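Remarks on the structure that follows.
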Amino acid sequence: MHRLSLGDFELTALSDGTYFLDGGAFFGVVPKTLWSKKLAADDKNRVPTGLNSVLVRTGENNVLIETGIGNKLPQKMAEIYGQPAKLLENLGALGLSPEDIDVVVNSHLHFDHCGWNTVLKNGVPVATFPKAQYYVQEGEWRHAHEQQRDAISYFEANYDPLVESGQMQLVRGDREILPGISLEVYPGHTRAMQAVRVHSQAKTACYISDLIPTSAHLDLNWVMAFDLYPLETIESRKRYYARAIPEGWLTMFTHDPYLAWSYLGKDERGRVTLNRATPEEGAL
Ligand SMILES: [Zn+2]
């Protein structure tokens, strides 16, 4: 597990494990001859894909950003993607139990981002983190019920019981939920996908989720085929880089199997690059 201090806060990268996605879908219109240099595919053309959550300890609260795939996948999907289900184990290794989590944020509600929101108890989905307040965008939750192109990625059991009980709050637009912890909407992957910006003592980190899923997706045009609004992904990335690079934000990667986070820079041709002091910095 990888840890870092950010002002008064402590960030820990926590993985739910690694699963596998089709490399072509992961890199959209980018030719395999290019993307395979950054992420090698197996004999089924699949690439290893991280399930990176981040725990933010503010001193007063334990905030968990994203909850991976969880342990409730239907058998067929578990066979396709794998279901490593490592998050609670990794939380335990930090000496934390689910009761110790005060806030859970989901960037969006695809199955690989909110799976541990709930667990089955006697066949009924209940909150995994009983004392936590959960947050997601209202627009994302509405979209989850719209049966659109990505309907296969939504499972009601991951969020509807929490919305019904009032434990999950539906947020409209950008908002600070705790001092130093803000939600910011970046459309593209879905219309209402949100990033989580963490700010303490003039230092900023941002969990940018599927807007920039791995360090291999830094190029503006390397957009996943999964994205519902690819042109908006490009605009949102421009908006993000315009702040994150000059202000020196730490960018946290949701699906990078090897790198939890990195600072970003630009090369002499204006291309976005990783800006790390050592190759080990941020390595998972
Ligand atoms: Zn994702």
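The values are calculated or read from the model by the stated rules, or taken from the named source; none is laboratory data. If you're wondering where the values come from, they're calculated on a predicted model, not measured in any experiment. All Cβ positions, even for glycine, are placed from backbone atoms using ideal geometry, and neighbour counts span all protein chains on display. For accessibility, only protein heavy atoms count, side chains too; no ligands or nucleic acids. Shrake-Rupley method; radii C 1.70, N 1.55, O 1.52, S 1.80 Å.
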Worksheet, complete the sentence: In segment 112-136, anything touching a Lys or Arg at 6+ places or on another chain (Cβ under 9 Å) and closer than 18 Å to PRO213 by Cβ is listed as GLY115
Worksheet item: Which condition number in (1) closer than 20 Å to ALA242 by Cα; (2) within 15 Å of the ligand (Cβ to nearest atom); (3) open to solvent by 20 Å² or more (accessible area, probe 1.4 Å) is the one that ASP174 fails?
Response: (2)
Worksheet item: Scanning segment 177-232 for residues that are assigned to a loop (DSSP other than H, G, I, E, B) and acidic (Asp, Glu), which turns out nearest to the ligand (Cβ to nearest atom)?
Response: ASP227
Discussion item. Being open to solvent by 50 Å² or more (accessible area, probe 1.4 Å), within 26 Å of VAL56 (Cα to Cα) and touching a residue at least 12 places away in the same chain (Cβ under 8 Å) is the requirement here; does GLN148 meet it?
Written reply: no
Practice prompt. Write out, first by first residue and then by second, each pair whose Cβ atoms fall under 8 Å of each other, whose residues are 6+ apart or on separate chains, and whose first residue, in segment 239-258, is open to solvent by 40 Å² or more (accessible area, probe 1.4 Å) while the second is within 16 Å of the ligand (Cβ to nearest atom) and part of a strand (DSSP E or B).
Written response: TYR258/GLY50
Item to complete: Test ASN117 against the stated conditions and say whether it is touching a His at 6+ places or on another chain (Cβ under 7 Å) and closer than 15 Å to GLN169 by Cα.
Response: no
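Select from segment 30-58 the residues that are part of a strand (DSSP E or B) and in contact with a Gly (Cβ under 7 Å, 6 or more places away or on another chain) and write down the one among them that is most open to solvent (accessible area, probe 1.4 Å). Reasoning before the result, please.
Looking only at segment 30-58, we keep the residues that are part of a strand (DSSP E or B), and these are 46-57.
Among the residues that remain, those that are also in contact with a Gly (Cβ under 7 Å, 6 or more places away or on another chain) are: 46-47, 51, 53.
On the way: ARG46: 65, VAL47: 0, LEU51: 4, SER53: 1 Å².
Taking the candidates together, the pick is ARG46.
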